[in-house]
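Student: Please read through the structure below; I'll follow up with questions.
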Amino acid sequence: MEPILFAGYPAGSSLGLVAAFEWLGRPYRATRVHMPDAMLTEAYARVNGRQETPVLLREDGSVLTETMAIARWLELRDEDHRISFPAGSAEAHRMHQFIGFLNTGFTGAFTPLWVALEMQDGSEDYRQALRTFGRGLVAHRHRQLEAMIGGAPYLIGDRPSLADAVFVGVARWAEFHQALDLTPFPKIQALKARLEADPAVRFAHAIEDGVPATGCGAMRGLLPLEEVLGEIGARLAA
Ligand SMILES: N[C@@H](CCC(=O)N[C@@H](CS)C(=O)NCC(=O)O)C(=O)O
């Protein structure tokens, strides 16, 4: 059977991996995971004990978590280098460098903003302090990313790669949190606009939003989460 990507919504970083699967064009299936409630069940905890998305259920039924591990899994299947580059090439190293930065420093900068948004208790002063701290971190990481981006249309060269996939999943968070004005970051703005216009990214948005869409044909089914978790549970019990 095809691998199944567990994609979190709303505004999940998983969006980028859906786009990457589309760019790669190899058969896959997906299941939508509503955050945070659908991740808080025991059944989901059996899939990912840290109760996060994305998750990849591989063809052999084993589970792979963590964006960077899933990106590497995709890279190893990308024999034609549609979304990656030959092993050991300067482009491949640069791609991994971007993926590392984007999945750690850049993504992590939003943590105080997510905490401020989702906290159930705590004082308004504390929430405000988190927002101020988060906005500062997000601006800092945007300045760094702007300096890292070269003159090419995409992060590495003239076509989207796994680095762009990791970027596009989290690039919208600055707007979502109204964290900063993108005007001082023209390269980030241009890349974001280019990727948002990409058919694979638009398809990934449709999947995230739960609206009908036609992708490149690689997605062989969008499965209800309960069905996937039920199958995993039954397999574990057997
Ligand atoms: N290091 C993990 C982080 C994944 C992560 O933070 N995922 C978020 C969604 S983008 C999540 O599941 N958050 C838990 C929540 O919203 O409760 C990865 O890169 O896969």
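The values are calculated or read from the model by the stated rules, or taken from the named source; none is laboratory data. Model, not experiment: these values are computed from the prediction. A quick note on method: Cβ atoms are made from the backbone with ideal geometry, for glycine too, and the neighbour counts reach across all protein chains shown. Heads up: the accessible areas ignore ligands, DNA and RNA and are worked out on the full protein's heavy atoms, side chains in. Shrake-Rupley method; radii C 1.70, N 1.55, O 1.52, S 1.80 Å.
Student: Starting from 0.36 nm per residue, how many nanometres of slack lie between SER123 and GLU91 once their C-alpha separation is accounted for? Don't skip to the end; give the middle numbers.
Tutor: Values: separation 32, 0.36 × 32 = 11.52 nm, distance 4.70 nm.
The SER123-GLU91 span can extend by a further 6.8 nm.
Student: At 1.4 Å probe radius, can you tell me the per residue accessible area of region 7-81 in Å²? Intermediate values should be presented prior to the final figure.
Tutor: Details: 3080 Å² over 75 residues.
Per-residue value: 41 Å².
Student: While we're looking at this one, here's another question. Out of PRO153, PRO54, PRO186, any idea which swings most in a Gaussian network model of the chain, alpha carbons joined below 10 Å?
Tutor: PRO186
Student: Please give the FRET efficiency for ARG159 paired with LEU180, using the beta carbon to beta carbon distance and R0 = 41 Å, rounded to the nearest 0.05. Could the numbers behind the result be given before it?
Tutor: Values: r = 28 Å, r/R0 = 0.69.
Computed FRET efficiency for ARG159 and LEU180: 0.90.
Student: Just the number, please: carbon plus sulfur as a percent of the accessible area of the chain, 1.4 Å probe, no ligands or DNA/RNA counted. Working shown, then result.
Tutor: Values: 6120 of 11220 Å².
Summing carbon and sulfur atoms, their accessible area is 55 percent of the total for the chain.
Student: Which FRET efficiency value, to the nearest 0.05, do you get for GLN51 and GLN144 by plugging their Cβ-Cβ distance into 1/(1 + (r/R0)^6) with R0 = 30 Å? All intermediate terms of the calculation are to be shown ahead of the outcome.
Tutor: Working: r = 30 Å, r/R0 = 0.99.
The calculated FRET efficiency here is 0.50.
Student: Oh, and also: Just SER161, SER89, SER14 to compare: in a GNM of the chain, with alpha carbon springs under 10 Å, which one fluctuates most?
Tutor: SER89
Student: Taking the Cβ-Cβ separation of ALA190 and ARG220 as r and a Förster radius of 45 Å, what is the calculated FRET efficiency to the nearest 0.05? Present the calculation step by step, with values, prior to reporting the outcome.
Tutor: On the way: r = 34 Å, r/R0 = 0.75.
Plugging the Cβ-Cβ distance into 1/(1 + (r/R0)^6) gives 0.85.
Student: What do you get for Rg/Rh of the chain when both radii come from the Cα atoms and Rh is the Kirkwood radius? Intermediate values should be presented prior to the final figure.
Tutor: Working: Rg = 17.9 Å, Rh = 18.5 Å.
Dividing the radius of gyration by the Kirkwood radius yields 0.97.
Student: Let me ask you something else. Hey, can you find the accessible area per residue of region 148-215 for me, probe 1.4 Å, expressed in square angstrom? Each step should come with its number before you reach the end.
Tutor: Working: 2940 Å² over 68 residues.
Computed with neighbouring chains in place, this is 43 Å² per residue.
Student: With the cut-off at 1.5 for a/c, could you classify region 61-158 from its C-alpha gyration tensor as rounded, prolate or oblate? Kindly include the intermediate steps, with their values, before the conclusion.
Tutor: Working: a/c = 4.24, a/b = 1.76, b/c = 2.41.
Cα axes put region 61-158 in the oblate bin.
Student: If each residue of separation counts as 0.36 nm, what is the full-extension length gain between LEU40 and GLU66 once their alpha-carbon separation is subtracted? Walk me through the intermediate numbers first.
Tutor: Details: separation 26, 0.36 × 26 = 9.36 nm, distance 1.75 nm.
Between LEU40 and GLU66, full extension yields an extra 7.6 nm.
Student: Given the -39500 (n - 2.57) contribution per DSSP H run of 4+ residues, what per-residue ellipticity at 222 nm results for the chain, rounded to the nearest 500 deg cm²/dmol? Write down the numbers at each step before the final one.
Tutor: Numbers: 11 runs with 120 residues, N = 238.
Helix contribution divided over all residues of the chain: -15000 deg cm²/dmol.
Student: For GLY8, what charge total do you get from the other residues with a beta carbon under 15 Å from its beta carbon, if Lys and Arg give +1 and Asp and Glu give -1?
Tutor: Working: positive: ARG32, ARG50, ARG172; negative: ASP37, GLU52, GLU66, GLU118, GLU208, ASP209.
Net charge around GLY8: -3.
Student: Now a separate question. Contact order normalised by length for the chain, with contacts defined as Cα pairs under 8 Å and 6 or more residues apart; what percent is it? Please list the in-between numbers first.
Tutor: Values: 324 pairs, mean separation 74.1, N = 238.
Worked out over the chain, it gives 31 percent.
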